[in-house]
Amino acid sequence: MAIVKMKKATIIALQAEKESLLKSLQAFGGLHMIDIGDVQAEELKDVPKDNANEEAARLEALLSQVKYSLDFLSKYDKSKKPLFPAKTVLTESQYQDYLENLEKAEILYKECRAIDEKFAEIKNMETKLNNLLSQLNIWTGLDIPFEQIGDTLYTSSLIGHIPSRASQEFSEALLNSEKEYYLEPVGEDKESTFYFLVYHRSAEETVQQLLKQFGWTKVNFGELQGTASENILDIQNKLKELEARRAELIQQAEAMLTNKPYLEALFDILNVEKDRKDVVSNFVRTKKSFVILAWVPEPLTKALEDAMKKVTDFYILTLEDPSEEEEIPVLLDNPAIVKPVEMITEQYSLPNPRSLDPNRVMAPFFIMFFGMMVSDAAYGIILSALTAYALYKFKPTGGAKQLFQLLCLGGLATLFWGALFGGWVGGLIPIKPIWFNPTDEPLKMLLFCLAVGVVHLYVGMGLQAYKSIKAGNIKDAIYDQGFWYLFLTGLMLLAVAPSVGKYMAIIGAIGLVLTQGRDNKNIIKRLLSGILSLYNVTSFLGDVLSYSRLLALGLATGVIGTVINEMSLMLSGNIIGIIFMIIFMVVGHTFNIAINVLGAYVHSSRLQYVEFFGKFFEGDGKPYAPFSIKTKYIEQKN
Amino acid sequence: MDLLEMMSSNTGLYLAFLGSAIAAGLAGVGSAIGVGIVGQAASGVVTEDPSKFGRTLLLQALPGTQGIYGLLIAFLIWSKIGVFGNIVEITMQQGLMFLAAGIPVGIVGLISAIYQGKAAAAGCNIIAKRPEELAKGMVYAAMVETYAVLSLLASFLMLNGITV
C-alpha cells in the first residue's frame, strides 16, 4: 500500500572517479547500501573487498578531538539555547575552507585539554587540602607548634589518639604508674579521644607499654610547621587561591566559547566526510574499478541516474526487482495527515516489506479513540492550540514534530467528540451535547464504544482478507474471514433480528467447522479442530469488551473535571477564596489534561497494537537508512 | 429518638459511605504502592542517565489511574446520596447496593495497581537498555490496566442502576 517499492541497484564505476562519484551519491542521499560481503553474490565471489583507508582513521581521530572540545565547552555554555535550534547554512566554498584549515581544531583541542587538566589538578589539590584540614581541625585546642613536638634531652612528647571507651582507664593507668608525665586531652570525635602527652625519658618503657595496651595511634603531621590553627588558616588561604584559579580557568573556557559554532560546523563536516570514507567498506574493488550494491526507492531511480551522469559517463548501472528471500529495507510513504501516526506503528515495529502498511487505515481510528478518551471539547481546543503554536514557533524536527502533530490532530478529535458528548471543562461551561451525554446514558455510550470496536476489528480482519486476496488465496479470505464475518455478525444480529441472525450464525458456524481444520489430512481431526475454532468467539468477545475503555477513560475525564470544578467552587466566597479557586481550577484542569492525554495515548496505542494489529499485521521490517548527508548543526547550500 | 434508633434509620447512608471509602481508599492505596514501585526502579535508571527522567515519568504515571478511578466512583456515590447538598434518605438495601458498587473498583484497583506498578518497573529496565522501545514497556503495563478499566465499568454500571 504505502510501502515504497525498492529496486536493487548494482553500480560499477572507475576507482579514479570514486571520490567525486561518492560525493554526488551522498548528496543524492537515496542509496541504502548493502554490504557485499554479507550477500556473497556468486559472480562477485572472487573480487576482493574494499576497505576504509587511513584517511578514514585520521578523520575519526580528528572527530573525537572535536567532540571532546565541543563537550568540554558545552559545560561552560550558559547561554539560553532554543529548544529546536536553526541550522547554520554553509556554502560549498565555506565547507571546503573548513576542511582545509583543520589546524585550528587541533589548537582548540589542545587548549581545552590543558584547561581540563588544570581543573583536574586543582581538584586533586583541593581534595588533599580538605583531607588535611579535617585532620587538623581536631587539634585546634593544642597551641604548641608541631615542629616542637618530639624528643628533648630528658623528655619525649607526642600526639595521638586512643578509642574513647578506653580513655578513662588509660588516664587512670598512667596516674597509677607514678611516673613523671603530662597528659592533655585535646579533643574528641565519634570514636577516639585525642591527646597531647609528655613524659620523662625514665618512664619510656612503662609509657610505651601502656600506649600499646590501650591502642594508641600516633599522629604525625610530618613537615608541618606552626600550630594547628596557624596551619588551618594557611590551608584556607590556599583553598581560596585555588578557587580563584578555578574561576580564572572558567573564564578562559568561557572566552573560548566563541569557537563553539566553528566546532559544531566542523563536527558535522567531519561526520559527513567520515561517512563517505566508511561507506566503501560495503563495496568490492579491483585495481581500476569498484562495485556498489544498494537499494534505491523506485521513484528515485531517475534521480540516481542523474546523480551518476553529473559526474561521469563511465559507469554501469543495473536495476532489478528484489528476489524472494532478500531483506528489503522499509520506507513508508503516506500523506502528511497520516505521517504523524507512522510513529505509533514504528514504535511497535516497521511493517514487513512484503506485507502492507497499516498507517492509512489506522490513522482515523487512532485519532478517533484518542478524542473519545479525552472527550472534553475545551481540553481539545487547548491541546490543539498549544501544539500548533509549538509547531509554528519552535519548528521541531523528527520525533518531536511527529508527536506534536499527532497531539494536535488528537486535540481536534477531542474537540469533535467533546462537543458531541457535551464535555466542556468538566461541565463548567454549560453547553448542551450535540448528541448525548455519556454520564447520563452510560449504556448507550457503552454500546456505541463496543460497536466502534466491532468496526475496528472487522476492518482489521478485512485487511487480512485483502492480503490473502492479493496473494491469490481467495479461498483463505473466504474461509478465515468471510465465515467469521458471517458467524459473528449473525450472533450479534440475534439481539435485533433473531430470524436473520440465526441463519447467518448457523451458516457461518458450519463453514468454520468445515474449513478451519483444512490443514489436517485426517477427516476427524479436521472436524474437531474446526469445532474447536468456534471457541475463538470468546477471544473476539474479549477484544470487543476491551473497547469499553473508551467509555471508562472518557467518563474519567468528565468526572475528574467535575470534581475539580466542585471543589474549586467550594472555595469561592470572598476575594481571596476566588483567587485560590482560580488557581486550583487551573492547576487541577492542567493535571487532568496531562493525565488523560497520557492515558489516551497509551490506550489508543494499545487498542491498535493488541486488538487491531493482532488481526493482520506482520512486523519486523528493517528501516531504510540511506547513505546521505546527516548533519546536526549545519545545512549545505549548493 | 435514642442512638440505636437513629443508627438504624440511617444505616443505608453509612453503608453508602463505606462503599465510597472502599472505592477511593483501596484503589488509592494500590496506586500509591504501584507508583512507588515504579519510582524506585526509575530512580535507578535516572542515576545512570538523568536524561531519561521524562520517559520514566511516563511509566510512573501509569499505575496512578486506579486511584483516580476509585475517586471517580466515590465521587459518583457522594453525588447520588447528596453529600454536597442535601443528604438523601436511603434505605439499608440501597446502602448495601452502594457498598457493593464500590467493591469492584476498590479491590481490583488495589491489586491491579500494584501489579501494573511491577510491570511498569520492569519497563524501566527497557528504558535503561533500549530507550527506543519505551512504547512496548508502556503497552505491557497498559495490559494490566484493562482489568482496572473493566472493574471501573462494573462499578459504574452498578451504580448507575441504583435509583434513589
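Could you do me a favour and compute the accessible area per residue for the range B:2-147, 1.4 Å probe, result in Å²?
Roughly 46 Å² per residue, with all protein chains present.
Read phi for every residue in the range B:89-99 and hand back ³J(HN,Hα) as whole Hz from Karplus 6.51 cos²θ - 1.76 cosθ + 1.60, θ = phi - 60°, with x for Gly and Pro.
With coefficients 6.51, -1.76 and 1.60, one gets 6, 10, 7, 5, 4, 4, x, 4, 5, 4, 4 Hz.
How big is the range A:430-531 by Rg and Dmax over its Cα atoms, in Å?
Final numbers for Rg and Dmax: 18.3, 67 Å.
Can you compute the helix-only [θ] at 222 nm over chain A? Use -39500 (n - 2.57) per DSSP H run of at least 4 residues, normalise by all residues, nearest 500 deg cm²/dmol.
It comes out at -19000 deg cm²/dmol, rounded to the nearest 500.
Given contacts defined as C-alpha pairs under 8 Å and at least six residues apart, what's the relative contact order of chain A, whole-number percent?
Value for chain A: 23 percent.
Nearest 0.05, what FRET efficiency do A:Asn137 and A:Ser157 give at R0 = 30 Å with Cβ-Cβ as r?
0.90
What FRET efficiency comes out for the pair A:Lys632/A:Ala471, r = Cβ-Cβ distance, R0 = 45 Å, nearest 0.05?
Between A:Lys632 and A:Ala471 the formula returns 0.55.
What are the trypsin sites (Lys or Arg not before Pro) within the range A:513-549 that DSSP puts in a loop, where the Cβ has at most 15 other Cβ atoms within 10 Å?
A:Arg518, A:Lys521
Among the aspartates and glutamates, which fall within straight-line cross-link reach of A:Lys81, defined as a Cα-Cα distance under 18 Å, with same-chain neighbours fewer than 8 residues apart omitted?
A:Asp71, A:Glu254, A:Glu264
Under the Karplus relation 6.51 cos²θ - 1.76 cosθ + 1.60, θ = phi - 60°, what is the ordered set of whole-Hz ³J(HN,Hα) values for the range B:111-126, x standing for Gly and Pro?
My calculation for the range B:111-126 gives 6, 5, 5, 5, 6, 5, x, 5, 4, 5, 5, 5, x, 4, 5, 4 Hz in order.
List the residues of the range B:75-104 for which accessible area in the full set of protein chains is at least 30 Å² lower than for the chain on its own; 1.4 Å probe, protein heavy atoms only.
B:Phe75, B:Phe84
Can you give the FRET efficiency for A:Phe394 and A:Leu528, using 1/(1 + (r/R0)^6), R0 = 51 Å, r = Cβ-Cβ distance, to the nearest 0.05?
It comes to 0.25.
Compute the angle between helix A:575-606 and the longest alpha-carbon principal axis of chain A, please, reported from 0 to 90 degrees and rounded to the nearest 10.
Compared with the principal axis, the helix lies near 60 degrees.
Using amide H atoms built in the peptide plane, which far-off residues or other-chain residues are under 5 Å from A:Leu356 H to H?
HN-HN under 5 Å from A:Leu356: A:Glu618.
Relative contact order, percent, of chain B when contacts are C-alpha pairs under 8 Å separated by at least 6 residues?
Relative contact order for chain B comes out at 35 percent.
Could you pull out every residue, at least 5 positions away or on a different chain, whose amide H is within less than 5 Å of the one on A:Leu31? Hs are placed 1.01 Å off N in the peptide plane, and Pro or chain starts have none.
A:Phe627
Roughly how far apart, in whole Å, are the Cα centres of the range A:73-152 and the range B:93-136?
For the range A:73-152 versus the range B:93-136, the Cα centre distance is 48 Å.
Go ahead and collect, in residue order, the members of the range A:256-300 whose backbone nitrogen is under 14 Å from a label point 7 Å along the Cα-Cβ direction of A:Glu326.
Only A:292-298 pass the distance filter.
Take the alpha carbon atoms of the range A:85-135, find their radius of gyration, then divide it by 2.2 N^0.38 Å using N residues; give the quotient.
This ratio for the range A:85-135 stands at 2.07.
Based on the Cα gyration tensor of the range B:17-164, what are the three equivalent ellipsoid semi-axes, each the root of five times an eigenvalue, rounded to whole Å and given largest first?
Working from the Cα gyration tensor, I get semi-axes of 36, 13, 10 Å.
How many nm separate the modelled label positions at A:Asp620 and A:Ala114, each set 7 Å beyond the Cα in the direction of the Cβ?
5.8 nm
Could you tell me which of rounded, prolate or oblate describes the protein assembly as shown, using a ≥ b ≥ c as the square roots of the eigenvalues of the alpha-carbon gyration tensor, with rounded for a/c under 1.5 and, failing that, prolate when a/b is larger than b/c and oblate otherwise?
Judged from the Cα gyration tensor, the protein assembly as shown comes out oblate (a/c at least 1.5, b/c at or above a/b).
log₁₀ I(q)/I(0) of the range A:344-500 at q = 0.18 Å⁻¹, via Debye over equal Cα point scatterers, no solvent, to two decimals?
Scattering profile of the range A:344-500, log10 relative to I(0): -1.12.
For a quick check of your reading of the filter: which chymotrypsin sites (Phe, Trp or Tyr not before Pro) in the range A:419-466 sit in a DSSP loop and have no more than 16 other Cβ atoms within 10 Å?
When the chymotrypsin sites (Phe, Trp or Tyr not before Pro) of the range A:419-466 are filtered for loop state and at most 16 Cβ neighbours within 10 Å, A:Trp435, A:Phe436 remain.
Would you count, across the range B:24-164, every pair of lysines whose alpha carbons are under 29 angstrom apart, provided the pair is eight or more residues apart or spans two chains?
Close lysine pairs found across the range B:24-164: 5.
Can you work out the PRE-style zone for A:Lys75? Point 7 Å along Cα to Cβ, and I want the residues of the range A:602-638 with backbone N under 16 Å.
none
Ordering B:Met143, A:Met445, A:Met33 by how much accessible area each has at a 1.4 Å probe, largest first, what is the list?
The residues order as B:Met143, A:Met33, A:Met445, largest area first.
5 Å is the cut-off here: which amide hydrogens, built 1.01 Å from N in the peptide plane, fall below it relative to A:Ser192, excluding neighbours closer than 5 in sequence?
A:Ser164
Using the Cα gyration tensor of the range A:1-77, with a ≥ b ≥ c the square roots of its eigenvalues, what is the shape: rounded (a/c below 1.5), prolate (a/b larger than b/c) or oblate (neither)?
prolate
7 Å from Cα along Cα→Cβ at both A:Thr318 and A:Gln252: what's the point-to-point distance in nm?
6.3 nm
Not counting ligands, DNA or RNA, and with a 1.4 Å probe, what is A:Lys502's accessible surface area in Å² rounded to the nearest 10?
Accessible area, nearest 10 Å²: 110 Å².
Between 0 and 90 degrees, rounded to the nearest ten: what's the tilt of helix A:301-311 against the longest Cα principal axis of chain A?
The angle comes out near 50 degrees.
Taking a 1.4 Å probe, which of A:Tyr389, B:Tyr69 shows the most accessible area, and what order do the others take after it?
Most to least solvent-accessible, the answer reads A:Tyr389, B:Tyr69.
Take A:Trp435 and A:Glu191, extend 7 Å from each Cα along the Cα→Cβ direction, and tell me the distance between the two endpoints in nm.
7.3 nm
Which order do A:Thr318, B:Thr146, A:Thr397 take by accessible area at a 1.4 Å probe, largest first?
Descending order: A:Thr397, A:Thr318, B:Thr146.
Output wanted: per-residue J couplings in Hz (rounded whole) for the range A:398-404, from phi through Karplus 6.51 cos²θ - 1.76 cosθ + 1.60, θ = phi - 60°, x for Gly and Pro.
Values per residue, Gly and Pro as x: x, x, 4, 4, 4, 5, 4 Hz.
Let me know the volume per residue of the alpha-carbon convex hull for the range A:277-335, in Å³.
Roughly 151 Å³ of hull volume per residue.
Note down the accessible area of A:Glu117, probe 1.4 Å, to the nearest 10 Å².
Accessible area, nearest 10 Å²: 110 Å².
Expressed as an acute angle from 0 to 90° and rounded to the nearest 10, what is the orientation of the C-alpha long axis of helix A:54-74 relative to the principal long axis of chain A?
70 degrees
How many percent of the accessible area of the range B:1-96 is carbon or sulfur, using a 1.4 Å probe?
69 percent
When the Cα centres of the range A:1-61 and the range A:249-308 are compared, how far apart do they sit, in Å?
The range A:1-61 and the range A:249-308 have Cα centres spaced 13 Å from each other.
List the GluC sites (Glu not before Pro) in the range A:217-321 that DSSP assigns to loop (not H, G, I, E or B) and whose Cβ has at most 15 other Cβ atoms within 10 Å. Which are they?
A:Glu223
Using a probe radius of 1.4 Å on protein heavy atoms only, what is the accessible area buried between chains A and B, both sides summed, to the nearest 100 Å²?
Roughly 2400 Å² of accessible surface disappears when A and B pair.
Using 0.36 nm per residue, how much length does the chain from A:Lys87 to A:Ile576 gain when fully extended, once their Cα-Cα distance is taken away?
Additional length available on full extension: 171.2 nm.
The values are calculated or read from the model by the stated rules, or taken from the named source; none is laboratory data. Quick caveat: nothing in here was measured; it's all calculated off a predicted structure. Glycine also receives a Cβ, built like all others from the backbone with ideal geometry; neighbour counts cover every protein chain displayed. In case anyone asks, the SASA skips ligands and DNA or RNA and just uses the protein heavy atoms, side chains included. Shrake-Rupley method; radii C 1.70, N 1.55, O 1.52, S 1.80 Å.
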